1. Which shape class, rounded, prolate or oblate, goes with the stretch A:611-691 when its Cα gyration tensor gives a ≥ b ≥ c as root eigenvalues, a/c under 1.5 marks rounded, and past that a/b bigger than b/c marks prolate?
2. Just counting partner chain Cβ atoms within 10 Å, what average do the residues of peptide B:580-590 show around their Cβ?
3. Shortest first and in nm with one decimal, please list how far the residue B:683 label point sits from its counterparts in the other copies (point 7 Å along Cα→Cβ).
4. Counting C-alpha atoms alone, how compact is the stretch B:345-386: give Rg to one decimal and Dmax as a whole number, in angstrom.
5. Stokes-Einstein D for the stretch A:548-676 at 20 °C, 1.002 mPa s, Kirkwood Rh over Cα pairs, in µm²/s?
6. What whole number of Å gives the distance from the Cα centroid of the stretch A:268-330 to the Cα centroid of the stretch A:193-258?
7. Only bridges with both residues in chain A count here: give the DSSP antiparallel percent, nearest 5.
8. Put the label 7 Å from Cα along Cα→Cβ for residue A:644; what are its distances to the other copies, in nanometres, shortest first?
């Protein structure tokens, strides 16, 4: 299909909209869209299997704008192709996702066209991008999920899933370590359904890439095992199309298309860093429009015929593919009703009926087991009832206990694409981003590592919270409980960092019973990620006939053991392993001092903060101001619960290398010390009351 | 120099010590040292320019054990070569750094041989390692600093600095994104003084690297512009030596030596993941000792002649080089007294005399300037008085304002190694680690990025705090003040995450005056890193004749403006841009309600927490419980200062894309709302008092 005048007109229309939107907002990034518009256009118009009338059709190709600052490119495409809006519960609506008015309010409050693509805010956005490297890494997870869905659900006579994943990335993405990790993984996984387009304009904010980025990117990707092809000029639409044909013909490797482009193409600041992050100015816009043959005096100009042209291209192709798919899916449902039911549940993020029956019981046991171990058991049990629960570890599965060990679980590899155990390698950041990508395709992913290494993945964890997708981040070795490995491996401030993230549920269960209840909450999440923070060391499984039931986990915090009178002198608040320490201190206080202590287990602060004030006051009566928080972590954030007069037994350094018992004594995590702090507080209150 | 029996005996002695230490501790990683011992031995004994009698000789070669879990390898080498201890103020002591008794207490509390190498705890450790990828990335900073020192201080007749940097890394390091970023940068910088040794044993915790890591590492490094050579068998000492000669002969590229090794070599679990992280067991140790020809019944066995052999090798070579260096340095001091003085100050982390005179004044100015701008001005001024202050940005210098613009500052490039502006690329994680490496060589580094992207670098920032090295992490665009870029670029929880890190000083100055005082504190730091958190938007420069002086920054928090009576009804606590909001609210409260409000500026919580209780009570009188904290960030952590009855005006979501003014109104950062919260609290206190 040779390039036509309408192709050129459509490309320049996109450029005009991008320039105008940025100029109108007096803020944004015009240069990248102007340079790479021909490539995005060609992909959408001639290759992308995407129906604007149903932007959540499960087998659509995914397009990821990894260089998210070029958001106007996406807004223009969503507008011109007439993509429809989708409501939060996955119903396609009649209205358009992006109207011309939305484009005109680019970067204004509540516009559907914010500064960067925001998932769930504007339909047609497959993932939130902007932080560089995240989009490409996320695309790897989408491609992995696509391959897994195909392996599980396709039958000889039905190709339910065969979508491709495209990601458009710039020099910045290529420099980020997360992209390197993800590319290495994608090469290993031979993801031939994955295509990255490297928009190589050789300009970054500080100047030409010559000043810091002179590696041979194509050679690097060949080393990862990718298929690499090059387009010498982004404006050569035929060459661009040939490159996409090369991708489509490739069956064993992911493809990188290196496209040489010119930032700010056609404007006075072409090939300059000035084209990156500032509007072109009115004169600049006029000059560029003249260059492109667009009317200089029109803003947000869409020439006659351009919308029709898109309808004849991506519109007709997408609608044809999607309706054909829906027709055969009716037959598929008849032949494979159970598989079809799974697919439909996946799309709506619904769980299989009766999934809760899979949750095991753990009998009381003073020796107990590590919460990483009980979590591993629950995970294995749950995964058998929830076939699209899958995941892996950043090379720590034997330690994090996340391996699915039941028959048929298998390892996800090029030769076994239905496997559910992912080997993600020592690549924490990509592990989290890949999990995001899988969740965006709506399978239920988890990944695991040591809590200390959540630091490596923090930017991707944040995105799961910002996007409101139910990724399960599993972190074990959750405190100085790691013992001998010492300060480099002992998390101290990680809990605070995770708890400060809006929208992330952080669970630190105290025993196997709380682990079960944690997974009960987590499995049911549809729009929230969770972090599970688990112990390396054994913890007793509490006898729930003596203590309150673990169902309190769902409320975030609960009274595990009360003062005998029901009117506590002091409250001991703790999470995870320290709950047992609190219970010991409670006994000591009762026996030695006659002090009535209540123990509150607080596995999830975020859920507790959402409870009605009444419940919160019931658990933490305002009148009881003698409170001791106990956690093997930075004390940062505890004041909220212990109050001004409270005390926290926590960590103020990075720990030390020694056997756990030595460390507990050294850092004061002993019943004696906790009881002593409680005694001091109770004494002080009594003196105040007496005074 | 052909391989001798003593070479073999020395290698096997190291292996024996490593096995015994792990077995004694019943914890640790025996497999890696056993596989790679011949390479570490060859490097130390035959190449490393290092004098065990003076392990802080400035021109020593640096050795980084990036696979830090193999710490016993380093402990054994430090012991056998007789490296001496160094005190915290850089005095070499008479005692040994690692005695045989220290090795015997490996991984016990207070042992000089902790689980992973800890900088400043055991002399001879050049950097703390364990978190994978950090060591290699840090080594790039060391090599860059080495090249810069050479360019600044060497003269035709004196080669004061020409040290090399070696880093030993495993498969895990090679998979981490931070290593990719650093390798790309090192290739660009043509660091021919840098040698990475890739200990390729193809085994990770989950199994053979075949399951996830099948890229061609050598080809990848060639793509980065490295020199790559391979050693087929780690046990072939001659081949290993040839590889190091290849490195020494290379003058334009960093070198990667790929060494094929066998984890757990000689033990029953050779080539198995079981050799990685568990002791071999007594039988395993015996079997291995038999294989190596070591006496099976001896633990911690050092054969006669081995210590002498090291003394004749590394000892004699190192002492010769170091004493020759000291002799010529005496001449150098005579010829170049000022340069010699600088070198000596650098070694002791001392500042030039009179450096404070460089700090500028900023006159009161209601329009003011962004704190990123005032910080840039201070930095430029300070850098002219402090020649070894240098740094750069992760491709954001025009935005973070960290470019040194005075004449002669220059860009650090292969052709201009005396340049002080680093172009670090879109590689935040490596930027922080490279800065760590530079600080370990004792120049004074800074690097900059947007606060949101501190997430990418968190693991390396943590290491600067754990190592107690004075890196300056500069983060601008510190809040929803970034405006239109929206949630992906608006930091919310980052401040809390940084504040929770022990040992990191986090500064968020309110105006140019506080910026100056921040830099005054930061410049003087010798053993602490700092994070500077700066605004994108303009902030008024306060008239200090009307308000308290900015010197209060040094105490972390201070009373900026008090209630007229000196007895406040309410305290408004704020940092950064919100201090101005607090001042406006104070005026409104006084004018409209007659409420006396005190405004406390809290630029550095950590410094405030270190003040005597008396000062803290003076700033925040316990009796005044009506307190409002104001910060455009997660409220997490504020309860410590506002107390149980206080309120916080902060962020509870990830922000939104819109112009700043819209955002301030939308999220409630207005004087009216702050005043309203204050009124409510004052009213509640009055009702309580009345009741």
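1. In terms of gyration-tensor shape, oblate.
2. Going residue by residue through B:580-590 and averaging, the value is 0.
3. Going from nearest to farthest copy, the values are 4.2 nm.
4. Radius of gyration, then largest Cα-Cα span, for the stretch B:345-386: 13.0, 43 Å.
5. Translational diffusion coefficient: 144 µm²/s.
6. Result: 22 Å between the Cα centres.
7. Approximately 20 percent, going by the DSSP bridge assignments.
8. For residue A:644, the other copies' label points sit at 1.0 nm, shortest first.
Every number here is computed from the coordinates shown, using simple stated rules; none is lab data. Just so it is clear, the structure is predicted and the values come from calculations on it, not from any experiment. Here Cβ is always computed from backbone atoms with ideal geometry, including for glycine, and neighbour counts include all displayed protein chains.
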